[in-house]
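Please read the structure below before turning to the comments.
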Amino acid sequence: MEKSGTQTPLSLAAAEAVRTYAATTRSALGSAESPVISYAGLWLLLASLAPASEAETDEILGLNKADARAAALTLLEAPHPTIGAAVAGWLRSGVELTKGLPIVLDPLPDQAGLDAWADAHTRGLITEFPLEIDARTLLVLASALVVTPRWSEQLEEGEDGLLVLEGGFQAVVATEAAGAVAVACPPSEDGISVYSVIAEEGVSADDVWRAADEVVRRIDAGEVHDRTFDAGQEDGHAWTVREVTAFGSAPSDRWRSHLPEWSAEDRHDLSAAPGVAEIARGVMAAVAEETEAVCVQKAVASYDREGFKAAAVTGMMVRAAAAAPRETTVRQIDLRFDRPHAVVAVARGGAWEGIPLFGSWVTPA
């Protein structure tokens, strides 16, 4: 739960920008119930490419183009014990650029080479690149993001099969977005906080995410503390209150959270995500020929007694646009076999050349 390092004004602005971008993109894509997605991974790619766009990015990425790129570079270069991040680009041999791009471009490898890049930069959690290249592929851009924090103490399994958390951060918090929610975060010394937030049944996923954002903001601002209980003394939708016998110097309240082990993977078409079209247009304008772009992300995550793992690879591919059909004038001849007719099978090649092998008289129904 401790914050490591000193945040600069730019890093603080970047954190707020990514939080806002996540909320905006979640709403735009209707992705509140996605099993796993990394809005930060997409933001990192778009921010790295922001100077290529003619459009202003302040409202889209939360920072102007120069600051967005500077923030992305800072994140990519900043050492962190648990986070791995990378951005890369590849250009097909022979493709000419009309202008430079704000990213280093290497020669485009084959599919196996892109898969190897995804594997290496997600610590083996994602072994296949989310986009398949083909003969039309001209340019590929990608970001990779991976986190692998471990709990300070392994969680034990309870009688109900759920993991039991007795330490870490636990609270019941009253929120504007979703009413009272329960919050649990196992302790970790790896610089990552993994909050689980549950609201009352029937609350929409969008509102639960808004509540989660609200809780994290208030925790970071020092407004919500560990063992906060904003729910009177009554049982709630996700908690019970009981009096139990304790011995020794036990605290006044004993907290336990019961959490499931889980794993998930997902694939997202992010072409309609905020900022993708604007920045993709700038990237496509750097390629001399007529092009089109797609943006896809593959993400995985798991939560178990030892820790949390998650990785995402976000890929943007610029490819040659499909050739438009040319207009011309031709004769159209329609043959109709709607009455009884013959069908013959004739051999071709070698000693059998020309021999009619089968003949049929076909009477259409």
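The values are calculated or read from the model by the stated rules, or taken from the named source; none is laboratory data. It should be emphasised that the depicted structure is a prediction, and the values quoted were computed from it without experimental measurement. Note that each Cβ is placed from the backbone with ideal geometry, even for glycine, and that neighbours are counted across all protein chains shown. Please note that ligands, DNA and RNA were not included when accessible areas were found on the heavy atoms of the full protein model with its side chains. Shrake-Rupley method; radii C 1.70, N 1.55, O 1.52, S 1.80 Å.
Annotations for the structure displayed:
- Matching entry among GLU234, GLU201 (being closer than 25 Å to LEU29 by Cα and outside any helix (DSSP H, G or I)): GLU201
- The condition (being within 19 Å of ALA22 (Cβ to Cβ), in contact with an Asp or Glu (Cβ under 9 Å, 6 or more places away or on another chain) and either modelled with pLDDT under 90 or surrounded by fewer than 14 Cβ atoms within 10 Å (Cβ to Cβ) (or both)) is satisfied by just one residue among GLU176, GLU278: GLU176.
- Scanning segment 63-80 turns up at least one residue that is touching a residue at least 40 places away in the same chain (Cβ under 8 Å), of a type in the set (D, E, K, R), under 19 Å from ALA40 (Cα atoms) and open to solvent by less than 70 Å² (accessible area, probe 1.4 Å).
- Scan of segment 194-220 for residues that are within 23 Å of SER152 (Cβ to Cβ) and open to solvent by 50 Å² or more (accessible area, probe 1.4 Å), ordered by number: TYR195, ILE198, ASP220
- Filtering segment 112-170 to residues that are among the charged types (D, E, K, R) and in contact with a Pro (Cβ under 9 Å, 6 or more places away or on another chain) leaves only GLU153.
- For first residues located in segment 178-204 and free of Cβ contacts under 8 Å to residues at least 24 places away in the same chain, partners that are part of a loop (DSSP other than H, G, I, E, B) and lie 6+ apart or on another chain with Cβ distances below 8 Å do not occur.
- Scan segment 97-136 for residues that are of a type in the set (Ser, Thr, Tyr) and open to solvent by less than 30 Å² (accessible area, probe 1.4 Å) and the total you get is 1.
- Breaking point among (1) in contact with a helix residue (DSSP H, G or I) (Cβ under 7 Å, 6 or more places away or on another chain); (2) open to solvent by less than 40 Å² (accessible area, probe 1.4 Å); (3) under 15 Å from THR314 (Cα atoms), for VAL183: (3)
- Residues in segment 137-160 that are in contact (Cβ under 8 Å) with a residue 60 or more places away in the chain and either among the acidic types (Asp, Glu) or exposed (fewer than 14 other Cβ atoms within 10 Å of the Cβ) (or both): GLN154, GLU156, GLU157, GLY158, ASP160.
- Condition met for GLY94 (modelled with pLDDT under 95, small (Gly, Ala, Ser) and open to solvent by 40 Å² or more (accessible area, probe 1.4 Å)): yes
- Residue-level analysis places GLU223 among those that are open to solvent by 60 Å² or more (accessible area, probe 1.4 Å), free of Cβ contacts under 8 Å to residues at least 24 places away in the same chain, farther than 22 Å from THR25 by Cα and out of contact with any His (no Cβ under 7 Å at 6 or more places or on another chain).
- Top-ranked residue of segment 165-195 - restricted to ones that are in a strand (DSSP E or B) and small (Gly, Ala, Ser), ranked as nearest to HIS225 (Cα to Cα): ALA171
- Some residue of segment 287-297 being surrounded by 10 or more Cβ atoms within 10 Å (Cβ to Cβ), more than 22 Å from GLU54 (Cβ to Cβ) and either modelled with pLDDT under 75 or among the charged types (D, E, K, R) (or both): no
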